[in-house]
Each structure stands twice: as C-alpha cells, then as structure tokens.
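The structure appears below as structure tokens.
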C-alpha cells in the first residue's frame with residue numbers, strides 16, 4: 001500500500017460524489033418522511049422500549065467512517081458500487097438502551113417503503129462498526145438515499161441494509177427478509193472483486209527509453225480488505241499492481257499498473273486477494289442469488 005500514489009487517468013473517483021452514489025429501490029418514488037413527526041421505535045422482546053426522534057439520535061455520541069457499499073445485483077465491472085462517508089450512532093448503543101430480553105436473537109427492521117430485513121443481535125454485539133446512519137458526506141441523508149436513517153452492516157451487500165427505517169422489533173428467531181423471500185441470498189456476504197476502469201492510452205509516458213500506458217481500477221472485498229492486485233496482459237502471467245492506501249478498512253482500494261506499450265489489440269485482466277490472502281473467485285456466476293463472480297477483462301486496440 002502506498003500514500004504516494006497517482007491514479008491512472010480514467011480511474012473512478014476514490015470518493016463518490018453524493019449525487020452519483022448508486023441506489024436501488026423497491027418503489028418508484030422514495031418515501032417522504034417528516035422529520036418533525038418521525039420517531040424510531042424499538043419494541044418487542046425488550047425491557048426498555050424506545051422511541052428516538054432524529055434530534056435525539058443526533059445528540060448521542062456519533063461515529064463517522066468511510067464506507068464502500070455495493071449492490072448484490074452489480075455485474076462484474078458494473079457501477080452499482082460507491083464510496084462515501086457515513087455518520088451515525090453505534091447500533092450497540094441503541095441495543096443496550098433497549099435492553100433485549102434473553103429470548104431476543106434477531107432485530108427485525110422495517111422501512112417506510114415496505115422493506116424489511118433481519119439482523120443477528122450477536123453480530124451487532126460483536127461489531128461496533130454497525131451504525132444507524134443519519135448523514136452521508138457530512139450532510140443529512142438525502143430523501144432518495146434513505147432519510148432520515150439507514151443501517152450500515154460491514155461485509156454485506158446493500159440488500160441487507162434498509163433505508164427509511166421506521167421500526168425495529170426484537171424477535172426470537174430469524175425469518176426471510178424482503179429480498180430473501182424473492183430468491184436472493186440469505187447471507188448476502190460481499191464477493192471479492194476487482195475491476196479494470198481504464199487503459200489510459202491518451203496518457204502514455206516514457207521512462208528510461210520505454211513507453212508506458214497507465215492501467216487502473218478498483219478492488220474490493222467488503223470489510224476483509226485487499227492485500228494484493230495482479231494484472232495479466234494477453235493471457236500472460238500475473239503481474240503485481242501498485243495499491244493506494246484505502247480511505248478506511250471498509251472501502252475499496254485503487255490500483256495501478258504501468259504497462260510497457262506494444263501496438264495492436266490487447267486484453268487486460270485483473271484479479272485480487274482479500275486481506276486474509278484469499279484469491280477472488282475466477283469461476284463465472286450470475287448476480288442471483290449470491291452476487292456475481294468472475295475475472296474482469298477489457299480489450300483495447302492501441
């Protein structure tokens with residue numbers, strides 16, 4: 001990893017402009033929620049039922065973290081993946097205030113758009129990075145991105161992370177959430193992936209008598225991180241790319257490889273290893289039900 005890193009021209013922005021952050025909704029128009037009357041209720045198998053206004057949540061101790069979020073329906077090399085800054089309250093703190101009874105094992109989250117999902121309480125207790133977010137990019141959540149609050153759960157696709165949340169119920173057992181009932185993954189764990197964003201043939205440079213073409217893109221493996229990225233040219237051997245230090249342990253990593261130019265038609269492949277050294281899957285699988293896998297490849301005539 002390096003802080004002294006210049007992305008190959010054409011690589012996507014490391015930090016996604018808020019208006020460009022991807023979104024996938026189950027309704028044609030985002031719910032309109034009045035902050036003045038909205039309250040988040042926490043009921044069910046608890047000793048202390050709660051109802052938090054937005055002002056009360058904002059007054060609690062907050063955390064901020066840079067997060068990459070991806071959609072389970074994203075194709076290999078697709079754009080349903082983005083990175084921004086999330087700010088909110090630790091779910092551990094909210095659960096503690098509600099004081100779950102021993103029989104409570106899951107949290108059923110319901111949203112204003114009719115969406116519902118279940119979160120394991122043990123997961124919340126183990127991971128302080130799970131937050132109830134009320135701001136992105138240091139601004140209140142936009143209506144289209146889930147105002148007033150949405151949850152973030154590391155290492156999971158967006159289908160497990162409701163927006164426009166109105167209610168949380170402590171329940172004794174897991175049930176299928178909205179997308180699971182429709183045939184998608186029950187766990188929705190992020191698949192390791194890497195992408196060739198650019199072969200910057202308009203930005204060639206010379207060094208020691210050799211002409212180089214910058215190649216670059218992203219690699220992502222949820223909260224597992226990225227340890228290595230490799231590039232293959234024309235089905236040749238795998239060559240190490242340079243990596244940029246990520247914004248956080250929860251974001252994608254930018255990579256770059258300077259390729260010695262050769263005229264003609266060429267193919268460029270990329271693969272990555274997660275922070276534990278596990279290599280991304282090369283076998284091609286569709287998005288449904290567990291997220292797409294496979295090696296991204298682009299071809300160019302130079």
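A short reminder: the numbers here are calculations on the coordinates, not readings from a lab. What you see is a predicted model; the values in this text were computed from it and never measured. Note that we place each Cβ from the backbone using ideal geometry, even for glycine, and neighbour counts take in every protein chain shown.
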| note | The extension gain from residue 262 to residue 122, computed as 0.36 nm times the residue separation minus the Cα-Cα distance, is 45.0 nm
| Hey, can you rank 143-149, 18-24 by average C-beta count inside 10 Å, highest first? | 143-149, 18-24
| task | Obtain the nm distance between the two label points defined at residue 235 and residue 175 by a simple spin-label model: each point lies 7 Å from its Cα along the Cα-to-C-beta direction. | result | 5.3 nm
| Mean separation of Cα contacts under 8 Å, 6 or more apart, over the residue count of the chain: relative contact order % | 20 percent
| said: Suppose the chain between residue 2 and residue 29 were pulled fully straight at 0.36 nm per residue; how much longer would it get relative to their current alpha carbon spacing? | reply: 5.5 nm
| request: First measure r as the distance between the Cβ atoms of residue 206 and residue 18, then evaluate 1/(1 + (r/R0)^6) with R0 = 30 Å and state the FRET efficiency to the nearest 0.05. | output: 0.20
| Global geometry of the stretch 216-302, whether rounded, prolate or oblate, following the gyration tensor of its Cα atoms and the 1.5 cut on a/c | oblate
| query | Which distance in Å, rounded to a whole number, links the C-alpha centroids of the stretch 122-177 and the stretch 229-302? | reply | 30 Å
| Across the chain, how large is the tail of the calculated P(r) beyond 29 Å, expressed as a percent of all Cα pairs? | 40 percent
| message | Under the rule a/c < 1.5 gives rounded, and otherwise a/b versus b/c splits prolate from oblate, where does the stretch 152-302 land using the Cα gyration tensor? | response | prolate
| message | Using a 7 Å offset from the Cα along the Cα-to-Cβ direction at both residue 99 and residue 301, what is the distance between the two label points in nm, to one decimal? | response | 7.3 nm
| query | Based on DSSP, what percent of beta bridges with both residues in the chain are antiparallel, to the nearest 5? | reply | 90 percent
| Fraction of beta bridges assigned by DSSP in the stretch 18-182 that are antiparallel (%, nearest 5) | 90 percent
| field | Label-point separation, residue 56 to residue 36 (7 Å along Cα→Cβ), nm | value | 1.9 nm
| said: Once R0 is set to 51 Å, what does the formula 1/(1 + (r/R0)^6) return for the Cβ-Cβ distance between residue 142 and residue 282, expressed as a FRET efficiency to the nearest 0.05? | reply: 0.85
| message | Given the -39500 (n - 2.57) contribution per DSSP H run of 4+ residues, what per-residue ellipticity at 222 nm results for the chain, rounded to the nearest 500 deg cm²/dmol? | response | -1500 deg cm²/dmol
